[in-house]
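Below is one structure, written out as structure tokens, with a few remarks after it.
The values are calculated or read from the model by the stated rules, or taken from the named source; none is laboratory data. In this text, all values refer to a predicted model and were calculated from it rather than measured experimentally. Glycine also receives a Cβ, built like all others from the backbone with ideal geometry; neighbour counts cover every protein chain displayed.
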């Protein structure tokens, strides 16, 4: 007997439990993304008009990735309905590039895997978040349309590109160009060429910032003109023409050396961003002196400059119709440098738990964290709690699912896969001897959606393998249900102890 036959008999056109990862689950994306949420959804999502921080702990399969996709999708819907007060979304979920660059910048003695994350600080997180946000904003200003991600359709990705940069005043244009010079990390185009395109798009004139270059050229041409006009070519055999030309270029050389020193400091302190000092120096020298003087540059190991740059980023977004920023942090256990280690996850995430940053006005951080980190949190001292102020952060200690919630989730997925005109339920698949309460109690033991999907898929396989096509059975018997559940719980226990694949 085939699973397709069994499901088709009940009016189900495809297996509702075939996929276990929300990132690649078509049933979830097509039918459940906008409507099926965890009971703690309101606390986690909050009010987009006033972005707030949420910290969520959940075990593998509890739905953290699904939450990330849902947060992004709901915020996109909110932006379509409120075009004048949108929320800028930053998905901070691929940490591998940042960790790789960070490791390369460290001294050799600190590059061992067990030592790298001990050097990670809050400003490294802020640099990574600003890099993601600025790169995406520059893409939007230049009209570049990135390929749709798992959380965005092509139409939505295109809609996000419509920005009226004429709303920016002169100082905000300067701020955006400064942010792009420091944080833009597009892999598709050379840094200086892309910055130049952005400058022309924003109509920022740089000729006044090149007066030193013009002075050097003018002195050089004047010197050669005097020599040629007077036909005193023998002067070229004396040091005076060269000293005059050198004097003409001295201001440019002084500025170039000064900005190269600044650029080297920035490159050294931006440990998660890739830059070349000379390319950065060339861009920074194009700013007018009055515009660049006194501006915050992240050339020191501290958060002060990053907070000022974050405020500049928020000011630019405000003029473009974005009143808030939401950063969604997920998949912190997946980078190869972490490799599932709870101690390394703690070293990576703990610097981020700073109340000043988490409560920064107009910024909401959605931290979707593995449940293993909650055990470390319980053992922290008073100083940690004073710095993190978890009582203010919409803390969800465990992303738990009740048996009733999992029962409802199973029904939603079954109905999403139903044939037109059909309304099958989970109850329809089981023999009447299995009571509703027994079903709910059994699902409660599975704890999370991923285990529900794994168990139901295994149950379908076991039931269909036990019957032939000539003598099919359209109801799952009590004996089959209990036997499969007992075997799955044994495997689930092995998964929990790390002795089997999850």
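Things to note:
- Whichever residue in the stretch 161-188 is under 20 Å from the mean Cα position of the chain (by Cα) and assigned to a loop (DSSP other than H, G, I, E, B) and, among such residues, is modelled with the lowest pLDDT: 161
- Sub-6 Å Cβ pairs linking a first residue in the stretch 187-203 that is within 16 Å of residue 136 (Cα to Cα) to a second residue that is part of a loop (DSSP other than H, G, I, E, B), at least 6 apart or interchain, are 194/186, ordered by first then second residue.
- Just one of the listed residues (300, 281) is modelled with pLDDT under 95 and buried (at least 21 other Cβ atoms within 10 Å of the Cβ), namely 281.
- Among the numbered conditions (1) over 28 Å from the mean Cα position of the chain (by Cα); (2) at positive phi, the only one that residue 61 does not meet is (1).
- Helices (runs of 4 or more DSSP H) completely within the stretch 214-329 that count 2 or more residues being touching a residue at least 40 places away in the same chain (Cβ under 8 Å) and more than 25 Å from the chain's Cα centre (by Cα): 240-269, 277-284, 289-292
- In the stretch 337-350, the residues that are in contact (Cβ under 8 Å) with a residue 40 or more places away in the chain and within 22 Å of residue 44 (Cβ to Cβ): 348
- Restricted to the stretch 9-23, and to residues there that are assigned to a loop (DSSP other than H, G, I, E, B) and at pLDDT below 90, the residue that is farthest from residue 62 (Cα to Cα) is 18.
- In the stretch 330-364, of all residues being touching a strand residue (DSSP E or B) at 6+ places or on another chain (Cβ under 9 Å) and assigned to a helix (DSSP H, G or I), the one that is farthest from residue 168 (Cα to Cα) corresponds to 342.
Residue-by-condition table, conditions (1) at pLDDT 95 or above; (2) outside the structural domain of residue 170 (by TED's automatic domain parsing):
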site: 307; (1), (2): yes, no
site: 312; (1), (2): yes, no
site: 333; (1), (2): no, no
site: 350; (1), (2): yes, no
site: 367; (1), (2): yes, no
site: 372; (1), (2): no, no
site: 383; (1), (2): no, no
site: 392; (1), (2): no, no
site: 406; (1), (2): no, yes
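- Output for the stretch 189-213, where each listed residue is at pLDDT below 85 and in a helix (DSSP H, G or I): 207, 208, 209, 210, 211, 212, 213
- Filter pass, residue 447 being modelled with pLDDT under 95 and under 32 Å from the mean Cα position of the chain (by Cα): yes
- Residues in the stretch 35-46 that are over 20 Å from the mean Cα position of the chain (by Cα) and outside any helix (DSSP H, G or I) were compared, and the one that is surrounded by the most Cβ atoms within 10 Å (Cβ to Cβ) is 38.
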